[in-house]
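Undergrad: Handing you this structure, nothing more for now.
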């Protein structure tokens, strides 16, 4: 007789509540925590750099209006987004495109850096190529972080221009062009990396990024 109330109590217990939307979201994002934290740090760094560059631009701009002499790097900062800074970025992107075009006709042989391994076993050569594969992937990751910083800097200037700052408004076009050029450069390197990894895989080199 004593077991009946216990059975009724178990039968009347409420069903388990489904996981909340926030819990499901955190569960889904848990495997990507490192990437999300890294992305947040990069964006924060970009905002900080954007604010810092604008503060320096404002200071040297006022110095220039007062007729004071500015050195080369001070005048560089005064402009905010000088076109000269985009020359090496553009050249880097063009070189990546040239490298991508040359990959189609490249021969399955080690590069100059692997000349000492030409007589080594195939497994050792593939291990060296895997290391190079990881370096290439890491390089694109660093470039992605730089592009994110440039776009975060553009966001800072957009906010300042929208708030009515005249100097930010006049510099906005240059900062926007800077973001576009950096993004195009990233795209060129992405194409080169894609072709490079495909070439390595055709040689039997997989893994490492």
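Undergrad: Can you tell me which condition residue 147 does not meet? The list is (1) out of contact with any helix residue (DSSP H, G or I) (no Cβ under 6 Å at 6 or more places or on another chain); (2) within 23 Å of residue 45 (Cβ to Cβ), and all the others hold.
TA: (1)
Undergrad: List the pairs whose first member sits in the range 79-103 and is in a helix (DSSP H, G or I), whose second member is surrounded by 12 or more Cβ atoms within 10 Å (Cβ to Cβ) and modelled with pLDDT under 90, and whose Cβ atoms are under 7 Å apart, counting only residues at least 6 apart or on separate chains?
TA: 100/195; 103/195; 103/196; 103/199
Undergrad: Could you count how many residues in the range 57-74 are exposed (fewer than 15 other Cβ atoms within 10 Å of the Cβ) and in a helix (DSSP H, G or I)?
TA: Residues in the range 57-74 being exposed (fewer than 15 other Cβ atoms within 10 Å of the Cβ) and in a helix (DSSP H, G or I): 5 in total.
Undergrad: So, of the residues in the range 27-56 that are under 12 Å from the mean Cα position of the chain (by Cα) and crowded, with 16+ Cβ neighbours inside 10 Å, which turns out to be nearest to residue 79 (Cα to Cα)?
TA: Selected residue: 46.
The values are calculated or read from the model by the stated rules, or taken from the named source; none is laboratory data. This one's a predicted model, so the numbers in the text were calculated from it and none came from an experiment. Backbone-built Cβ (ideal geometry, glycine too); neighbour counts: all protein chains shown.
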